[in-house]
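Enquirer: Below you will find the structure I want to go over with you.
The values are calculated or read from the model by the stated rules, or taken from the named source; none is laboratory data. Computed from a predicted structure; not experimentally measured. All Cβ positions, glycine included, derive from the backbone under ideal geometry; neighbour counts span all protein chains shown. Quick note on the areas: whole protein, heavy atoms, side chains included, nothing else; ligands and nucleic acids left out. Shrake-Rupley method; radii C 1.70, N 1.55, O 1.52, S 1.80 Å.
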Amino acid sequence: MSTDRPLLQLRDWRVAFGGVPVVNGLNVDIRAGEKWAIVGESGSGKTVSALSILRLLPDAQVSGSAMLNGRELSTLSEREMRGVRGDDVAMIFQEPMTALNPLYAVGEQIAEVLRLKKGMDPAQAHAAAVALLASTGIAEAERRAGAFPHQLSGGQRQRAMIAMALASAPRLLLADEPTTALDVSLRQQVLELLVDVQREHGMALVIITHDLPLVRRFADHVLVMERGHVVEQGRVADVFGSPQHPYTQQLLASRPERDAELDGPAPSGPPVLQSEGLGVSYPVPRPGWRGWFGRGSVAAVRDVSLTVGPGRTLGVMGESGSGKTTLALAMLGLLPHTGVLRLGGTDWAATQRSGAERALRQRVQVVFQDPFSSLSPRMTVEQIVGEGLRVHRPELSAEQRRTEVLRALCDVGLAESPSLAEPLLGRYPHAFSGGQRQRLAIARALIVRPELLVLDEPTSALDVTVQKQVLSLLQRLQIERGLAYVLITHDVAVIRAMAHEVVVMKDAQVVEQGPVDRVLQSPTHPYTRKLVESAHE
């Protein structure tokens, strides 16, 4: 479904900041109806290339030619570019929490686009916004339209961003990691939605991603970038089937691998974590006049029973909004719960009632999905990593804390020796790459010597090569220290590489659980089969 005339034609497209080039001579022809993917590691120039086309980088020095349907974008005024953005070219940004306005409900934000671009009245725009949300797979779209961004899960926020981008039916859609926060089944659903919209409107799609299986299934053409240069491009079947450049070969070889030592005998000892009939509910307003007399509740986790042994990993899979992260927050003692939750034989609720929970909190730590948002930008590495010691080991002197911080940085592979780690202590998170920031987050968690780490999508925001490194680090630490992990992820390949037991969640409850080999090779529940089949290339 393509025409001879390119919809977008880039010739010698270059982008620099302060005279430092970040995109060097990009040449590509994208036709209506084509599906392109741009792949490469962080810093390769993928996102900068897309943002510069829409002139969304005010400090960038841009040169070359960008022809959109016969119009030279680089010569248009800012007023003319505002007409191009949305109507002709729309973009789905990588991090919806920063792209969505926190002061307005998501339905209002989508409706605003429809009013401005399509001239709809408020009632029409609201109805169309709800329909767009429903088309992206959001359950209870009418209710979710009235929710603010912070009230939605990561996957739901990303789908709201997709609905907003599709509102004006653009001819070219630039999608920057549009499925990073989605589980495999919803990832497939969203991609099918984008393909349906493409067929209906004849638009072109350009996806920026580090998900190579997604590229293989979805795209027609691929462009591989390394350090601002295009090292390889062509049809996906040709590039992936017979990669010519060493960098492309490296990307395709960067898949999660399981350390054989993980399958050795389990360390002896009592369970690190146990739950029996665990439940978590959130209060919600009641509709109509009933809301005057009290609030209702919605169950986010129902009747979950599980056990995590020392040196073992429990993988938790499920779609966005299934209750995975709520379950993790309950394990961390951050949400009130019903049922029984024991950490090392000690009941969480009992310690919270008695005020003796600080000692228990030292035994369980967390590594979040996005290290950039979980690390304070105003604190140095020494302050970030050493913060837990100030709380849990106040008897240590400043010099002793520094020694522990240096040792932790070496343990996570940020330096080979304490002397080489010392220059890192005064740096701030923005000075590190995504993989290095995640290593900092792991060091911060490990420094208090916990028994259990809760890993909430620890690699979903990382490039494939960095993901492989971080997973290898976590496997090594588990083997050396006998750590227990609760790994929350929608990536079946990560579960296969890391987990010993698997719990599959859907609609707030466990639908299947058991050993990783049995669950992934012979799933019994239809939903589990769907997840596993969706993950196959």
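Enquirer: Provide the per residue accessible area, probe 1.4 Å, for segment 411-483, rounded to a whole number of square angstrom.
Expert: Details: 2670 Å² over 73 residues.
Accessible area per residue: 37 Å².
Enquirer: So what is the 222 nm mean residue ellipticity for the chain from helices alone, if each DSSP H run of at least 4 adds -39500 (n - 2.57) and you divide by all residues, rounding to the nearest 500 deg cm²/dmol?
Expert: Counting only the DSSP helices, I get -11500 deg cm²/dmol.
Enquirer: Here's a follow-up. Quick one: which residues, 5 or more positions from E512 or on another chain, have an amide H under 5 Å from its amide H? H modelled 1.01 Å from N in the peptide plane, none for Pro or chain starts.
Expert: V504
Enquirer: Taking the alpha-carbon set of segment 1-147, what are its Rg and Dmax in Å?
Expert: According to the Cα coordinates of segment 1-147, Rg and Dmax are 17.8, 50 Å.
Enquirer: Once you list every other residue whose beta carbon is under 10 Å from the beta carbon of L7, what net charge do they have if Lys and Arg are +1 and Asp and Glu are -1?
Expert: Neighbourhood net charge equals 0.
Enquirer: Determine the per residue accessible area of segment 216-313 with all protein chains present and a 1.4 angstrom probe, expressed in square angstrom.
Expert: About 57 Å² of surface per residue is accessible.
Enquirer: Pairs of alpha-carbon atoms within less than 8 angstrom and 6+ residues apart define the contacts here; what relative contact order does the chain have, in percent? Can you show the working numbers first?
Expert: Numbers: 1053 pairs, mean separation 80.8, N = 537.
For the chain, the relative contact order is 15 percent.
Enquirer: Over segment 1-79, average the accessible area per residue using a 1.4 Å probe and give it in Å², no decimals. The partial results should precede the final answer.
Expert: Numbers: 3710 Å² over 79 residues.
Each residue of segment 1-79 exposes 47 Å² on average to a 1.4 Å probe.
Enquirer: Considering only lysines 8 or more places apart in sequence, or on different chains, count the pairs in the chain whose C-alpha atoms sit under 20 Å apart.
Expert: Lysine pairs meeting the criterion: 4.
Enquirer: (i) 1.12; (ii) 1.27; (iii) 1.01: which one is Cα Rg over 2.2 N^0.38 Å as calculated from this entry?
Expert: Matching entry in (i) 1.12; (ii) 1.27; (iii) 1.01: (iii).
Enquirer: Across every pair of different alpha-carbon atoms, what Kirkwood hydrodynamic radius in Å does segment 229-337 reach?
Expert: 19.1 Å
Enquirer: Next up: Quick one: which residues, 5+ away or cross-chain, put their amide H under 5 Å from the amide H of V366? H built at 1.01 Å from N.
Expert: Correct list: V454.
Enquirer: In square nanometres, what is the average projected area of the Cα convex hull of segment 401-529?
Expert: 9.1 nm²
Enquirer: Quick check: the distance between the Cα centres of segment 457-500 and segment 186-262, to the nearest angstrom?
Expert: Between the Cα centres of segment 457-500 and segment 186-262 lies a distance of 22 Å.
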